[in-house]
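The values are calculated or read from the model by the stated rules, or taken from the named source; none is laboratory data. Keep in mind that this is a model prediction, so the values were computed, not measured. Cβ atoms come from the backbone with ideal geometry, glycine included; neighbour counts cover every protein chain shown. In case anyone asks, the SASA skips ligands and DNA or RNA and just uses the protein heavy atoms, side chains included. Shrake-Rupley method; radii C 1.70, N 1.55, O 1.52, S 1.80 Å.
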Amino acid sequence: MWVLWAFGSALCAGLSSVLAKCGVKHTDSTLATALRTVVVLAMAWAVVFLAGAQAGAAGISPAGWAFLVLSGLATGASWLCYFKALQWGDVNRVVPVDKLSTVLTILLAFAFLGEEPSGLRLVCTAAIGAGSWLMAWKPGEHAPRPASGHGWLFYALLSAFFAALTSILAKLGMAGIDSNLGTAIRTAVVLVMAWAVALATGKTKGLRAMSGREGWFIALSGLATGGSWLCYFRALQLGPASAVAPIDKLSILVTVAFSRLVLGERLGRRAALGLGLLCAGTLGMLAA
């Protein structure tokens, strides 16, 4: 069942990226992150109460609370960086760099969770890394550089790093805890962090200027993210982190398809080859 949950997470995550890109054209990414987290939190706790899982909070150990909070902080940092990168760069370049979190998650799972590496998994990891590089780098460039001239790459790499930490910390913190409850607790931490950053940087002033259209895209992105999280952390609870994380990253197929239809972004041959390697490495993780 964890495979189905992981694929459900990928579908929702792919939709979330494109919806978020539509919502941050004129709205500051930090404010957008804070707003969409409200939607995710409401959705996460609604599922908890519908499932009657709220009573499980009393049984969480101090270590479990610590890992859940740390995982939430890592998620908040990853989101803030990811949507800043999305605001500045093309979806089809930001998302592949963010997928490098798969490589980091696999390496961290080998190092800290005791998951056994194999020759096939190492080959698949290399394919994922190479595919991400081919999609992000365009021919003739020494480094990825968006048309806007901003440093989206820096934020995309930070997003990948914090996303990898999120997976490992969540795996440790959700042992013996209902996955829906763990997701809701983590989301509450993200909410506090996101609004603290938005208030500290004065981004909340942008609420008055935000258009209703972008507000709807941000809200829909939050719903898609909530669905992705609920599926992802259920899969993470049931399956190995080094396999769940790569399947979730197949969301890039959904992202590429919708970015073409909605945003008009095209893939060149080099990027298409990178996409093929990324997906082949991801699917190979299932056989590994």
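Under the rule a/c < 1.5 gives rounded, and otherwise a/b versus b/c splits prolate from oblate, where does the range 72-211 land using the Cα gyration tensor?
Oblate, because a/c is 1.5 or more while a/b does not exceed b/c.
Using 7 Å Cα-to-Cβ label points, what is the L253/R270 separation (nm, one decimal)?
2.5
With unit charges on the beta carbons (Lys and Arg positive, Asp and Glu negative) and the dipole taken about the Cα centre of the chain, which residue among V197, G64, S29 sits farthest to the positive side?
The residue sitting farthest along the positive end of the dipole is S29.
Got a sec? What order do D98, D178 fall in by accessible area at 1.4 Å, biggest, i.e. largest, first?
So, going from the largest accessible area down, we get D178, D98.
Set the Förster radius R0 to 22 Å, insert the Cβ-Cβ distance between L122 and A63 as r into 1/(1 + (r/R0)^6), and round the FRET efficiency to 0.05.
Result of the calculation: an efficiency of 0.10.
Grab the Cα-Cα distance for R213 and L107, subtract it from 0.36 nm times how many residues apart they are, and report the gain in nm with one decimal.
In short, 34.1 nm is gained.
Find how much the distance from F154 to F7 grows on full extension, using 0.36 nm per residue of separation minus their present alpha carbon separation; answer in nm with one decimal.
So the extension gain works out to 50.1 nm.
Between the range 171-196 and the range 214-245, what is the separation of their alpha carbon centroids in Å?
The two parts, judged by their Cα centres, are 12 Å apart.
Does the chain come out rounded, prolate or oblate, given a ≥ b ≥ c as the square roots of the eigenvalues of its C-alpha gyration tensor, rounded meaning a/c under 1.5 and, failing that, prolate meaning a/b above b/c?
Oblate is the answer for the chain, as a/c is 1.5 or above yet b/c matches or exceeds a/b.
A130 to F49: FRET efficiency via 1/(1 + (r/R0)^6), r the Cβ-Cβ distance, R0 30 Å, to the nearest 0.05?
Efficiency for this residue pair is about 0.10.
Let me know the shape class of the range 58-127, please: from the alpha-carbon gyration tensor, a ≥ b ≥ c as square roots of the eigenvalues, rounded when a/c is under 1.5, otherwise prolate if a/b is greater than b/c, or oblate.
Taking the square roots of the gyration eigenvalues as a ≥ b ≥ c, the range 58-127 is oblate.
First compute the accessible area of the range 1-56 with a 1.4 Å probe, then give the percent of it belonging to carbon and sulfur atoms.
Details: 1770 of 2310 Å².
Carbon and sulfur: 77 percent of the exposed surface of the range 1-56.
Taking a probe of 1.4 Å, how large is the accessible area per residue of the range 145-288, in Å²?
So the range 145-288 comes to 44 Å² accessible per residue, rounded to a whole number.
Per residue, what accessible area does the range 1-136 have, given a 1.4 Å probe and all protein chains present, in Å²?
Averaged over the residues of the range 1-136, the accessible area is 38 Å².
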